[in-house]
Structures are given as C-alpha cells and as structure tokens.
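Structure first, then comments.
The values are calculated or read from the model by the stated rules, or taken from the named source; none is laboratory data. The model shown is predicted, which means the values in this text are computed figures rather than measured ones. Neighbour counts are summed over all protein chains in view; Cβ atoms, including those assigned to glycine, are modelled from backbone coordinates with ideal geometry.
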Amino acid sequence: MGATVGRVEDKVVIVTGAARGTGEQTARILIDEGARVVVADVLEERGQELVAELGERASFLLLDVTSEESWAKGVAQAVDRWGRIDALVNNAGLFHMEALEETELADFSRLLGVNQVGPFLGMRAVVPAMKSNGGSIVNVSSVDGLSAKNGLVAYASTKWALRGMTRVAALELGKYGIRVNAVCPEAGGPEMRAPYVPDGFDPALTLAFTHKLLPYQQERPPIELVRDIARMVVFLVSDETLSCTGADYPVDAGWTAGRHLSFNPGA
C-alpha cells in the first residue's frame, strides 16, 4: 500500500490569529493533513513556539491584520517562502461584551479593525497570488453573525458584516476559481471568553455548556469542540468543497436551529 495522502496535501495556507485558540488548532490539523502553513499573528513568541513544534512545513509571519502594509509584506514573504498561496483563513478576531449604552467608540472601532477590516485587507491582498491557480478563502464569522444576543453590539456587527463581505467576494472572485465561505462557530477559543466568566471558572467549560442539543457534547473535552471548528475550516480549504462558495457553515451543535422547548412533543 502507498503512503496516505492528506486532504490538503502540499497546499499553502495562511492562517491569521494562529498562535492560539481556533487558529492554532486549524494550523495543527492542516499540518496533519499535509498542508504547508503560514502561522500569522501578532503574538510572535507563541507563534514561533508553535512553528517550532509543527516542523519544517510551517513558518511564522508577524502580521498586523489591520495594516495594509503588513498584509502586503506578509503575502510577499509567504510567496517568497513557499512559491504560492492556495488558501487564506481569516481567523484573527477580538471579542467584546458590553451593553450598547456602555460600549465605547474605541472598543467598537477596535473590533471593527480586527474583525472586519482585517479580513477585507487579507482577501484583497491574496487575490493576485491566487488568480492563476484558484484557491479557497475561509472567513471565521460566528453564530452571532447569524442571530443576535444582547451585550454584543460591537462583536455581532462585525460578524454580520463579515458574512456579507464573504458573499460579495465569492461572487467577484469565482471567475478566478477562488471560493469564499464563512464558518460560523458558536464559540471560539476559551481565551476570548476568559475576561467574561466568573473568577475561578474555567472558560473552556463554557463551550460545552452552550451545546445542549447534542448530549455527547457535554462529555467531550472542550478542546475537541474547538477542533470541530478547525475541521470545518480544513474541509472548506480542501478540494472536497470545489462546489461550495458564498455560503455559511454553522458549527454550533444546533444552537441556531431554533428553540428546543422541553414542554413540547418530541422534547
């Protein structure tokens, strides 16, 4: 029998916000499936440590996603190192939870810069490198970009906007063979939630807490729920999704399916 070929064998993939959380797990699974991964982040020490662990098929890119200049240099660096770019995963994101009346413009603008402007600059920056051979762009939105919760005016607005940008980009870039899709997880890495949970409570446990429809979600290690998001991203990067573009892919254990009423039939 021949050697097993990975699902994304030899693809060159830039993953933003890859030093921790969902981005880290995405980078790990991409490497496991044969890709060459550009670990892009502002957290240089953690990013370099991850690259050292992942091995020779990974490289680190110090990237400020809010900077046009940083994107230009970063894409050029990736192409110079690996020869091409096959996929971009716009994963870098910030979370903020506060009532509308208390939300400061500075906080709103901070999230806008990373969560919306960042993917805009990233998509625009990689198009020239993808035009000749096509590719895949995966934008990490949120279930809060599909519905709404109180306290998330800054966060939800950027994630709704990202879904709209995904559709426009899919329509415009399809002629180059570039697919653009959005993944909508119910929860990202636990570090995003840490400032908003009670002292002494493990933020990782909040992942399973919200996944109530599927009982076994309560029994799985929290890291596996984050890896579920990463697995969906890898699926959309792979050639298994050549017919998929301009769409949303919830990874939420049924969170957005509707309301499960315990007093109705079928509960």
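Just to verify a result, which residue in the stretch 157-174, among those that are within 15 Å of Asp144 (Cβ to Cβ) and among the aliphatic types (A, V, I, L, M), is surrounded by the fewest Cβ atoms within 10 Å (Cβ to Cβ)?
Selected residue: Ala161.
Can you say whether Gly118 is in a loop (DSSP other than H, G, I, E, B), farther than 21 Å from Cys244 by Cα and in contact (Cβ under 8 Å) with a residue 24 or more places away in the chain, as far as the supplied structure shows?
No: the conditions fail for Gly118.
Looking at (1) touching a residue at least 40 places away in the same chain (Cβ under 8 Å); (2) in a helix (DSSP H, G or I); (3) not acidic (Asp, Glu), can you tell me which one Ala106 breaks?
(1)
So, in the stretch 121-151, how many residues would count as being modelled with pLDDT under 95 and part of a strand (DSSP E or B)?
Looking only at that region, the number is 0.
Just need a number here: residues in the stretch 211-221 that are over 13 Å from His260 (Cα atoms) and either modelled with pLDDT under 70 or assigned to a loop (DSSP other than H, G, I, E, B) (or both).
The total comes to 3.
Which one of these is assigned to a loop (DSSP other than H, G, I, E, B), within 18 Å of Ala19 (Cβ to Cβ) and modelled with pLDDT of 95 or more: Leu88, Leu94?
Step by step, each of Leu88, Leu94 is checked, and only Leu94 is assigned to a loop (DSSP other than H, G, I, E, B), within 18 Å of Ala19 (Cβ to Cβ) and modelled with pLDDT of 95 or more.
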